[in-house]
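The values are calculated or read from the model by the stated rules, or taken from the named source; none is laboratory data. Computed from a prediction, not measured in an experiment: that's the story for all the values here. Every residue, glycine as well, gets a Cβ built from its backbone with ideal geometry; the counts of neighbours run over all protein chains shown.
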Amino acid sequence: MYDGSKILAGLIVFLALVTFPFWNNFGAKEWKQPELKLPPKEVATQCIESKEYMREQHMKILDDWRDQVVREGKRIYIAKRDHKEYQMSLQNTCMKCHDDKEKFCDKCHTTASVSPYCWDCHIAPKAKGN
Amino acid sequence: MLETALKGNSRYWGWISLLLIVMGIGGATWVYQLNQGLTITGLSRDVSWGFYVAQLTYMVGVAAAAVMLVLPYYFHHYKAFKNMIILAEFQAIGAIIICMGSIVVDLGQPQRMLNVILHPTPNSVLFWDMVVLNGYLLLNLIIGWVTLMYQRSNMMPPKWVKPLVYLSIVWAVSIHTVTAFLYQGLPGRHFWLTAVMAPRFLASAFCAGPAILLLVAMIVEKVSSFRAGEEAKKAMAKIIVYAMCINIFLFLCEVFTAFYSGIPGHKHPIEFLFGAAHANYVAVLMWTATALAAFSLVCLIPPKLRENQKLLPWALVALVIATYIDKGIGLLIGGFTPNPFEGFSFYAPTLPEIAITAAVYAAGIFVITILYKVALSIKEETAA
Amino acid sequence: MQKTRRTFLKYAGVSVLGLAAMPAVKAAASYVPHQVHEKPDPRELHAKRWAMVIDTRRLNSDEDMKPLIDACHKEHNVPKIDGPQEVKWLWTDTMHAVFPEQSGEFQHAELEHKNFLLLCNHCYNPPCVRVCPTKATFKLQNGITMMDMHRCIGCRFCMAACPYGARSFNFKNPRPFLDEAAQNPEYPTRMRGVVEKCTFCSERLEKGQKPACVEASKGALLFGDLADPNSEVRKALKENYSIVRKPGLGTQPSVYYII
């Protein structure tokens with residue numbers, strides 16, 4: 001093979017780089033569903049929608065809310081499941097109950113390695129331990 | 001074909017390493033800027049565009065060098081430009097990379113850059129600038145590369161390239177016009193609000209672009225077996241001097257309009273630029289540009305001097321610096337002076353700003369170097 | 001029909017493409033805003049074209065104007081940054097700065113040295129909206145020139161286009177320049193790299209409140225609908241001589257100054 005040793009060396013380097021995530025995590029702890037701290041019962045017993053829906057859709061809801069509020073002038077959200085009305089606001093609705101960002105939002109975001117920039121602008125309240 | 005760029009002498013690799021080092025330093029500075037924000041630049045609330053956008057303005061012109069050669073070659077079958085064509089097209093590619101890089105480093109939130117495409121806004125000139133710059137890049141890339149590929153196998157370029165060439169000629173005009181429209185459509189910026197802004201962009205582009213190209217060709221001649229050809233050089237010098245005369249004529253039209261009408265809004269920016277009010281380093285630069293422009297015209301207008309190959313590079317360097325100060329620095333800072341409150345705000349680029357700009361240039365020059373290397377290697381290959 | 005390898009490949013390619021596009025189409029469909037589930041706040045104040053009339057006769061000293069500025073900047077978490085990279089929504093400047101080209105050589109002694117309030121003019125024909133490449137700045141139905149900080153890419157084209165210097169850019173993270181104790185927890189701050197300006201308190205209007213500066217002005221600022229001939233602002237303009245900033249540019253400001 002023409003320049004065989006160089007090609008082989010290159011291939012090995014390439015393979016090592018491509019498989020980096022696998023061997024880097026080899027022997028690491030098993031992934032566990034992070035435990036979220038939910039607001040206590042006296043603050044709220046339910047979210048605006050079901051737990052499953054929120055878990056799956058909260059990012060889309062927030063993305064939609066910001067356009068509706070800023071661009072369309074619509075501020076009220078009507079819940080799908082019980083038609084209750086809420087102000088569409090991360091800062092003034094969501095985080096009134098979920099007031100501990102570190103023990104709620106960050107838990108999953110950190111495990112999932114996502115870093116949404118919501119709180120670069122929106123002020124997270126000081127945790128009251130809800 | 002790219003593999004030909006992997007073989008070169010030590011001088012070639014030295015040059016490549018130098019460019020990579022500049023890119024590395026500037027790239028690190030850009031990371032610093034991303035973390036700190038544009039506060040590390042000299043920009044302010046009143047002078048909100050500066051050195052970065054100045055590079056866009058100037059390099060759009062350099063990209064145009066291609067059209068001044070492509071047009072005579074294809075429309076008028078002026079064969080003397082045969083060797084230069086490919087250099088011109090590849091220089092356009094590098095210049096546009098510098099333009100686009102300058103816009104990216106100027107953004108406050110570059111990670112949201114694609115919003116321009118996700119939320120297309122046809123009433124924004126910046127949207128159109130994105131379209132025409134990318135289009136011109138693509139056109140030159142396709143035309144240059146395909147021509148070279150066919151040349152390698154000793155064939156004429158395929159027929160479908162011709163329409164693209166014609167399109168690129170028209171397109172070249174659009175990149176200047178649209179970039180000029182970024183400025184000339186803004187109410188309240190007296191220095192920019194002028195109908196001759198787009199013509200000025202074209203004129204300065206058509207002198208500065210070919211001037212840089214000719215200088216680059218002279219360097220390439222020194223380091224390789226490439227020869228531009230005497231006739232091509234003479235013809236280019238003529239193009240350059242005509243365009244420069246028109247460029248200066250248009251600027252003098254601005255001066256006349258401002259000072260004969262006596263309208264303060266029109267006078268103030270020019271007075272500032274030439275040091276009659278709030279004089280600072282910009283005035284020194286502008287007078288330097290004036291002197292260099294005069295020198296270049298003296299060297300380029302009389303045919304005897306123009307054809308003096310010893311003098312020509314000096315005249316071209318003077319012309320390039322003069323147009324760069326005028327169209328880059330002067331146009332930007334003059335446009336923001338006075339500010340909307342008839343006040344004066346100082347602006348000078350900071351070191352990080354200059355380092356990042358240097359990296360953008362290095363990236364563009366890197367691409368040009370690689371492309372030139374490929375083009376020259378193939379030329380040598382087919383000649384052998 | 002003869003099935004050549006070529007046609008087979010064609011069909012295979014199209015089917016693969018279709019399969020690949022499915023999730024994308026699904027995802028796009030789920031992003032369609034569910035209109036029925038969102039509505040405006042019933043308390044919202046309505047207008048076709050919100051406008052402000054500044055009665056400069058009643059705003060003479062810094063003591064008159066500072067409470068208005070403080071109210072605005074506190075409400076919207078506007079940072080205090082010194083120097084040329086400052087951020088401001090509502091501020092003051094001298095007559096020559098506010099109304100250049102509108103004053104003769106010799107002026108009323110008092111007016112010439114007086115300060116005037118400055119803010120976004122919410123132009124009827126705004127150059128900033130025209131130039132924005134992402135619609136991050138846009139017109140609301142009620143005439144307000146709005147900013148969408150989520151979408152702004154920080155190109156600062158709007159700052160070059162605004163003839164009134166109404167826009168500020170966040171050259172750095174504004175948070176450290178905010179007094180944490182004085183922050184308004186109901187309103188966001190901004191992040192570095194976006195442009196901001198006065199929004200005519202769009203968020204307050206939607207809750208049925210007048211803008212913060214108007215509320216703090218004890219009647220020196222009037223706020224109302226320019227499209228309604230019976231509105232407070234139209235009446236004030238009918239009865240008093242007023243000017244706008246740089247009328248010659250055709251931007252049609254919605255902020256009037258009674259002199």
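Key figures
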quantity	calculated
Residue count, segment B:138-147 (criterion: surrounded by 20 or more Cβ atoms within 10 Å (Cβ to Cβ) and either within 10 Å of chain C (Cβ to nearest Cβ) or aliphatic (A, V, I, L, M) (or both))	2
Answer from B:I86, B:I98, B:I117 - the residue that is within 14 Å of another protein chain (Cβ to nearest Cβ) and not acidic (D, E)	B:I117
Considering residues of segment A:102-130 that are more than 13 Å from A:L62 (Cα to Cα) and in contact with a helix residue (DSSP H, G or I) (Cβ under 7 Å, 6 or more places away or on another chain) only, the residue modelled with the lowest pLDDT	A:N130
Those residues of segment B:258-284 which are part of a helix (DSSP H, G or I), surrounded by 15 or more Cβ atoms within 10 Å (Cβ to Cβ) and touching a residue at least 60 places away in the same chain (Cβ under 8 Å), in sequence order	B:G265, B:H266, B:H268, B:P269, B:I270, B:F272, B:L273
Test: residue in segment C:85-98 that is out of contact with any Phe, Trp or Tyr (no Cβ under 9 Å at 6 or more places or on another chain), within 21 Å of C:R192 (Cα to Cα), at the interface with another protein chain (Cβ under 9 Å from one of its Cβ atoms) and without any contact (Cβ under 8 Å) to a residue 12 or more places away in the chain	no
Selection status of B:M244, part of a helix (DSSP H, G or I), surrounded by 21 or more Cβ atoms within 10 Å (Cβ to Cβ) and modelled with pLDDT of 95 or more	yes
Condition check for C:R175: within 12 Å of chain B (Cβ to nearest Cβ) and touching a Cys at 6+ places or on another chain (Cβ under 8 Å)	no
Residue that is nearest to the other protein chains (Cβ to nearest Cβ), among those in segment B:24-57 that are under 22 Å from the mean Cα position of the chain (by Cα) and among the small types (G, A, S)	B:S48
Matching residues in segment B:172-202 - criterion: being touching a residue at least 40 places away in the same chain (Cβ under 8 Å) and either assigned to a loop (DSSP other than H, G, I, E, B) or out of contact with any helix residue (DSSP H, G or I) (no Cβ under 8 Å at 6 or more places or on another chain) (or both)	B:G185, B:G188, B:R189, B:H190, B:F191, B:W192, B:T194, B:V196
Options B:D106, B:D129; residue that is touching a Cys at 6+ places or on another chain (Cβ under 8 Å), within 14 Å of another protein chain (Cβ to nearest Cβ) and of a type in the set (D, E)	B:D106
Qualifying residues in segment B:335-384 (those that are among the β-branched types (V, I, T) and surrounded by fewer than 17 Cβ atoms within 10 Å (Cβ to Cβ)) - the one nearest to B:M149 (Cα to Cα)	B:T382
Residues of segment C:117-146 that turn out to be buried (at least 22 other Cβ atoms within 10 Å of the Cβ), within 13 Å of chain B (Cβ to nearest Cβ) and not in a loop (DSSP other than H, G, I, E, B), as a count	5
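Residues are listed down the side, and each one gets a yes or a no for (1) within 14 Å of chain B (Cβ to nearest Cβ); (2) assigned to a helix (DSSP H, G or I); (3) closer than 15 Å to C:L118 by Cα; (4) among the hydrophobic types (A, V, I, L, M, F, W, C):
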{"position": "C:G193", "(1), (2), (3), (4)": "yes, no, no, no"}
{"position": "C:G208", "(1), (2), (3), (4)": "no, no, no, no"}
{"position": "C:A227", "(1), (2), (3), (4)": "no, no, no, yes"}
{"position": "C:N230", "(1), (2), (3), (4)": "no, no, no, no"}
{"position": "C:V233", "(1), (2), (3), (4)": "no, yes, no, yes"}
{"position": "C:A236", "(1), (2), (3), (4)": "no, yes, no, yes"}
{"position": "C:R245", "(1), (2), (3), (4)": "yes, no, yes, no"}
{"position": "C:T251", "(1), (2), (3), (4)": "yes, no, no, no"}
{"position": "C:Y256", "(1), (2), (3), (4)": "no, no, yes, no"}
